[in-house]
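Presented below is the structure to which this report refers.
The values are calculated or read from the model by the stated rules, or taken from the named source; none is laboratory data. On a predicted model such as this, the values are computed, not experimentally measured, just so you know. Backbone-built Cβ (ideal geometry, glycine too); neighbour counts: all protein chains shown.
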Amino acid sequence: MRTICLYFQIHQPFRLKRYRFFNIGNDHYYYDDFLNESIIARVAERSYLQTNKVIRQIIKEYGTQFKVAFSISGIALDQLQLYAPEVIESFQKLAKTGSVEFLSETFSHSLVALKNKDEFVRQVNEHKQRIKELFNQEPTVFRNTELVYSDKIGADVADMGFAAMLTEGARHVLGWKSPNYLYCNSINPRLKVLLRNFRMSDDISFRFSNKGWSEFPLTAEKFAGWLKKLDKKEETVNIFIDYETFGEHQWMESGIFEFLTALPGVVYKSTNFCFSTPSEIASNLLPISTISVPYPISWADEERDLTSWLGNELQVDAFNKLYSLTDKVARINDEKIQKDWKYLQASDHFYYMSTKFFSDGATQAYFNPYDTPYEAYINYMNVLSDFSIRVNSLIPESTDEQEIANLTQVIAEKDELLHKYESELKKLKSTKTKIKAAAKSTASVPVKGRKSGSPKKEKTNLPKAGKK
Amino acid sequence: MRVLMFGWEFPPHISGGLGTACYGLTKGLHSVGVNDILFVVPKAYGDEDISKVNIIDAGEVVISDRIIDYSTFFQKMHFIEVGTSLRPYSTPEEYEKLSIENQEKSKYLIQSSFSGKLSFSGGYGHDLFKEIANYAVVASIIAYQYKFDVIHAHDWLAYPAGIAAKLISGKPLVVHVHATDFDRSGGSVNPGVYEIEKAGMEAADKIIAVSNLTRNIIIEKYGIDSNKVVTVHNAVEPLADHELQKRERSINDKIVTFLGRVTMQKGPEYFIEAAHLVLQKMKNVRFVMAGSGDMLNRMIWRVATLKIGSRFHFTGFLKGDDVYHMFSLSDVYVMPSISEPFGISPLEAMQSNVPVIISRQSGVSEILQHAIKVDFWDTHAMADAIYGILKYEGLPKMFKIHAKEEVDNLKWEHAAEKVKEVYQSVIY
């Protein structure tokens with residue numbers, strides 16, 4: 001059975017407000033509420049709710065035959081709960097239909113996988129928990145932020161117990177190979193890897209309304225025609241796109257909703273393709289080969305690498321400064337600190353610092369609040385300065401705790417020592433009684449009183465030291 | 001193609017961006033094949049010889065006419081020096097002061113209007129407009145004596161000369177607008193200057209503006225047809241090795257520099273306000289205002305009022321290598337200009353690896369990407385940018401690599417190529 005895998009990404013960062021160096025140390029609220037709320041409200045209305053409606057319609061018509069997967073970042077969930085709870089409800093309704101699978105990702109939509117495994121695991125677990133709470137599903141398939149993937153990250157994800165992971169079908173990784181098969185990780189082959197068909201995905205997400213494109217206009221029939229033309233052996237076509245494609249990147253007027261509405265019908269009628277979720281593909285298909293990705297890839301830009309987030313000195317500096325706080329933050333049990341820590345990790349903050357669009361001139365960051373990457377960097381670093389001041393001010397308290405921990409360890413060591421002495425004492429006593437028994441037979445009385453006195457003294461001293 | 005160019009200052013007599021631009025452009029033109037330039041330059045560096053004007057009175061222009069070998073780039077450069085006390089950046093008010101000082105030395109000057117009719121009153125030329133007109137007279141005589149295909153006049157003081165040359169020769173005129181009086185005066189435009197500027201622009205067949213900012217002023221404030229105005233951004237000459245040399249620092253503090261004329265146009269007061277903000281948060285930083293001008297005393301007074309004098313230093317006017325010395329000591333260069341038609345000094349700072357903060361109200365901000373841009377009035381943003389560069393090491397690292405590369409790619413040849421196209425479009 002050949003299949004299409006539809007997966008939609010939903011993420012919106014908490015954008016930072018204009019934070020001057022004057023605010024450092026005085027102002028601990030970093031977010032531009034007005035901007036964030038208006039963006040969420042706009043995208044919810046134009047895209048999320050509209051598209052959910054269309055998908056509900058499709059599911060009503062085709063039932064569980066039709067399948068779709070979503071990944072919603074924890075930060076996006078937080079924002080939706082704050083500004084557009086109706087979107088969450090709408091997803092909850094979809095979750096109940098049985099046609100929808102929710103994927104796992106990092107809570108913060110962060111690039112932590114490149115930096116720190118412990119923190120990576122923590123963020124994934126937190127996100128998992130949130131998905132369970134909201135949608136009553138336990139994700140078995142993982143998608144990393146921006147589809148960032150490497151052999152090493154894949155192996156880490158496999159360690160967390162996931163069955164499959166999604167990434168880009170990057171040309172430089174695949175070479176002559178096709179993304180339309182299931183692959184597996186080269187370190188731990190138990191982890192299946194689904195590769196994005198970037199041509200057909202981008203046809204929808206980027207080129208759909210481009211009148212200069214040779215295939216314009218794209219209709220469901222034309223799309224199904226492409227599916228039919230694929231090699232008969234190819235098993236899956238993975239369409240991984242941003243959910244905002246519907247109604248925001250491609251406006252309603254472009255006919256994108258009509259395209260989506262018509263697609264399942266046309267696919268069922270004219271091709272032998274069906275729809276599956278990533279977890280179904282992972283369990284139904286056999287991996288055709290391992291895929292070797294020694295250096296991280298992503299789904300961004302022509303290069304499909306990390307240069308959009310970690311391509312220049314500003315980004316690298318900010319990224320390293322942020323993660324230099326990891327250990328300290330982990331020791332702080334403060335709700336506000338933990339929340340800011342999550343929100344400051346969003347990959348978007350680094351994306352705004354990219355200087356790549358200087359050269360290609362084309363890609364303007366979506367909803368980028370900054371005019372230049374320099375502004376983005378300065379603003380972020382100001383916020384981060386304040387954040388690290390807060391973190392450092394809380395650390396002394398926990399060094400006290402550390403001291404207490406150290407002291408209890410000392411006590412434990414002394415207790416152990418006590419035990420040793422006690423057992424030694426017992427041994428000595430028993431040997432003494434043996435000697436006594438031996439001496440009794442030879443009748444020597446005076447030794448007894450002196451020898452039993454000194455162990456008693458020791459006994460009363462030792463517990464005191466232990467209590468201290 | 002032969003160009004009659006009314007330009008300004010040539011090395012070693014350079015006092016500002018205008019001379020640098022003229023020099024760079026001529027050099028660039030030479031490398032794109034326009035190597036026959038008749039360069040008319042007012043000989044105005046203090047040792048000007050006013051006696052030559054007497055000879056105009058006799059109906060004959062004697063001008064020093066020499067061919068100089070600027071060995072490295074110009075095989076042949078035809079220089080025509082004209083004795084006049086005109087100097088760039090003159091304002092009518094300044095000129096009056098200056099020429100009154102010179103009155104005793106001068107013997108005889110003509111009074112004329114540049115309509116072609118000369119009226120020799122024999123009075124003293126103590127006002128700039130008369131001198132400009134005299135320059136125009138000389139220009140018309142030159143235009144009569146030499147053959148050329150196109151006239152190129154730099155900055156408003158030379159426009160009348162350009163117009164006169166056009167009237168005599170019938171050749172097309174290109175005026176090059178390096179600044180308008182709207183930039184220099186901050187809005188309170190001198191009507192006499194405006195009139196000359198407008199006359200020059202109207203008489204021109206094509207106008208070259210140094211930035212889109214200036215182009216818009218030309219179109220909007222002078223009512224010129226937009227089809228006639230072309231933007232050609234300036235470029236910058238690569239620095240010599242000795243200019244790039246890093247100097248030893250005597251203090252550990254970070255240094256933030258303002259370098260330019262201390263006049264309203266350059267916005268020095270915004271620099272001081274930003275400095276005041278930064279100093280409230282940072283201790284190990286010093287601010288330097290290098291340059292002089294009519295606002296200098298007010299600036300010193302302001303610094304004293306804000307009680308930041310121990311961290312804020314004035315150097316006075318810097319020239320030659322001192323400028324590069326200053327750059328090599330700087331950690332940040334700030335150009336808060338209120339209205340800057342182009343602004344070449346940030347480019348020089350970038351050549352010296354100094355991160356720059358420039359106002360959005362400058363022509364140079366149209367072409368720079370690796371610079372922090374702020375609105376000149378937004379002193380908080382300016383202070384924030386200064387703080388950021390001093391505090392977060394990512395920025396200087398970034399600038400060291402990319403800004404230098406960017407500025408090294410701004411070549412006069414590219415600008416000259418565009419100027420050549422302008423010439424070709426006006427020569428029928």
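Contact annotation: residue pairs with Cβ atoms under 6 Å, 6 or more positions apart or on different chains, pairing a residue in region B:256-282 that is closer than 18 Å to residue B:345 by Cβ and within 12 Å of chain A (Cβ to nearest Cβ) with a partner that is surrounded by 24 or more Cβ atoms within 10 Å (Cβ to Cβ) and at pLDDT 95 or above, are B:274/B:382; B:274/B:383. For residue A:164, the stated conditions hold: it is of a type outside the set (Lys, Arg) and buried (at least 21 other Cβ atoms within 10 Å of the Cβ).
Between A:322, A:314, which is assigned to a helix (DSSP H, G or I), of a type in the set (A, V, I, L, M, F, W, C) and over 18 Å from the mean Cα position of the chain (by Cα)?
Details: A:322 fails: over 18 Å from the mean Cα position of the chain (by Cα).
Exactly one of A:322, A:314 is assigned to a helix (DSSP H, G or I), of a type in the set (A, V, I, L, M, F, W, C) and over 18 Å from the mean Cα position of the chain (by Cα), namely A:314.
Kindly evaluate residue A:138 against the criterion of being assigned by TED's automatic domain parsing to the domain that holds residue A:258, free of Cβ contacts under 8 Å to residues at least 24 places away in the same chain, of a type outside the set (A, V, I, L, M, F, W, C) and part of a loop (DSSP other than H, G, I, E, B). Considered against the rule, which asks whether it is assigned by TED's automatic domain parsing to the domain that holds residue A:258, free of Cβ contacts under 8 Å to residues at least 24 places away in the same chain, of a type outside the set (A, V, I, L, M, F, W, C) and part of a loop (DSSP other than H, G, I, E, B), residue A:138 comes out as yes. Picking from residues in region B:353-412 that are facing chain A (nearest Cβ under 7 Å) and assigned to a strand (DSSP E or B), the one that is farthest from residue B:325 (Cα to Cα) is B:373.
Among the listed residues A:434, A:414, identify the single one that is among the charged types (D, E, K, R) and modelled with pLDDT of 85 or more.
Working: A:434 fails: modelled with pLDDT of 85 or more.
Just one listed residue meets the conditions, A:414.
In this structure, is residue A:45 in the same structural domain as residue A:143 (by TED's automatic domain parsing), part of a helix (DSSP H, G or I) and either within 24 Å of residue A:270 (Cβ to Cβ) or in contact with a Leu (Cβ under 9 Å, 6 or more places away or on another chain) (or both)? So residue A:45 fails the test.
Would a scan of region A:33-45 turn up a residue that is surrounded by 19 or more Cβ atoms within 10 Å (Cβ to Cβ) and small (Gly, Ala, Ser)? Yes.
Residues being over 28 Å from residue B:395 (Cα atoms), modelled with pLDDT under 90, part of a strand (DSSP E or B) and of a type outside the set (Val, Ile, Thr) are represented in region B:304-321 by at least one member.
Given the options A:31, A:19, A:62, name the one that is within 14 Å of chain B (Cβ to nearest Cβ) and either polar (S, T, N, Q) or touching a residue at least 24 places away in the same chain (Cβ under 8 Å) (or both). Walk me through how you get there before you give the answer.
Values: A:31 fails: within 14 Å of chain B (Cβ to nearest Cβ); A:62 fails: within 14 Å of chain B (Cβ to nearest Cβ).
The unique qualifying residue is A:19.
In this structure, residue A:72 does not satisfy being within 14 Å of another protein chain (Cβ to nearest Cβ), hydrophobic (A, V, I, L, M, F, W, C) and in contact (Cβ under 8 Å) with a residue 24 or more places away in the chain.
May I ask you to verify whether residue A:68 is of a type in the set (Val, Ile, Thr), surrounded by fewer than 21 Cβ atoms within 10 Å (Cβ to Cβ) and at pLDDT 95 or above?
Numbers: of a type in the set (Val, Ile, Thr): yes; surrounded by fewer than 21 Cβ atoms within 10 Å (Cβ to Cβ): no; at pLDDT 95 or above: yes.
Judged against the criteria, residue A:68 is not a match.
Could you tell me how many of the residues in region A:292-311 are surrounded by fewer than 18 Cβ atoms within 10 Å (Cβ to Cβ) and in a helix (DSSP H, G or I)? Can you show your working first?
Going through region A:292-311, the residues surrounded by fewer than 18 Cβ atoms within 10 Å (Cβ to Cβ) turn out to be A:292, A:294-295, A:301-303, A:307.
Narrowing the set further to residues that are in a helix (DSSP H, G or I) leaves A:307.
Final tally of qualifying residues: 1.
Return yes when residue B:337 is in a loop (DSSP other than H, G, I, E, B) and either under 22 Å from residue B:273 (Cα atoms) or among the charged types (D, E, K, R) (or both) and no when it is not. The answer is yes for residue B:337.
Any idea which residue in region B:413-428 is farthest from the other protein chains (Cβ to nearest Cβ), counting only those that are of a type outside the set (Phe, Trp, Tyr) and over 18 Å from residue B:211 (Cα atoms)?
Within region B:413-428, the first condition is being of a type outside the set (Phe, Trp, Tyr), and the residues that meet it are B:413-422, B:424-427.
Add one more test, that the residue is over 18 Å from residue B:211 (Cα atoms), and what stays is B:424-427.
Working: B:424: 29, B:425: 27, B:426: 32, B:427: 34 Å.
The qualifying residue farthest from the other protein chains (Cβ to nearest Cβ) is B:427.
Taken over region A:354-405, the criterion of being farther than 18 Å from residue A:344 by Cβ, at the interface with chain B (Cβ under 10 Å from one of its Cβ atoms) and either in contact with a strand residue (DSSP E or B) (Cβ under 6 Å, 6 or more places away or on another chain) or at pLDDT 75 or above (or both) is satisfied by A:355, A:371, A:372, A:374.
Taking region B:283-292 as the search range and keeping residues that are more than 14 Å from chain A (Cβ to nearest Cβ) and assigned to a strand (DSSP E or B), which one is nearest to the chain's Cα centre (by Cα)? Can you show your working first?
In the first step, residues of region B:283-292 are kept if they are more than 14 Å from chain A (Cβ to nearest Cβ); the result is B:284, B:286-292.
Add one more test, that the residue is assigned to a strand (DSSP E or B), and what stays is B:286-290.
Values: B:286: 28, B:287: 25, B:288: 22, B:289: 19, B:290: 17 Å.
Filtering region B:283-292 for residues that are more than 14 Å from chain A (Cβ to nearest Cβ) and assigned to a strand (DSSP E or B), the one nearest to the chain's Cα centre (by Cα) comes out as B:290.
Against the list (1) in contact with a Lys or Arg (Cβ under 9 Å, 6 or more places away or on another chain); (2) buried (at least 22 other Cβ atoms within 10 Å of the Cβ); (3) of a type outside the set (Ser, Thr, Tyr); (4) more than 14 Å from chain A (Cβ to nearest Cβ), the condition residue B:338 fails is (2). Based on this model, can you work out whether residue A:275 counts as under 20 Å from residue A:68 (Cβ atoms) and either touching a Ser or Thr at 6+ places or on another chain (Cβ under 8 Å) or outside any helix (DSSP H, G or I) (or both)? Yes. In region A:202-224, is there at least one residue being free of Cβ contacts under 8 Å to residues at least 24 places away in the same chain and touching a Leu at 6+ places or on another chain (Cβ under 7 Å)? Checked against the condition, which is being free of Cβ contacts under 8 Å to residues at least 24 places away in the same chain and touching a Leu at 6+ places or on another chain (Cβ under 7 Å), region A:202-224 yields at least one hit. Could you please let me know if residue B:161 is outside any strand (DSSP E or B), in contact with a Leu (Cβ under 7 Å, 6 or more places away or on another chain) and over 22 Å from residue B:264 (Cα atoms)? Spelling it out, it is not the case that residue B:161 is outside any strand (DSSP E or B), in contact with a Leu (Cβ under 7 Å, 6 or more places away or on another chain) and over 22 Å from residue B:264 (Cα atoms).
Test residue B:179 against the stated conditions and say whether it is of a type in the set (A, V, I, L, M), surrounded by 22 or more Cβ atoms within 10 Å (Cβ to Cβ) and modelled with pLDDT under 90. Yes.
Of the residues making up region B:342-352, those that are in a loop (DSSP other than H, G, I, E, B) and either touching a His at 6+ places or on another chain (Cβ under 6 Å) or farther than 26 Å from residue B:230 by Cα (or both) number 1.
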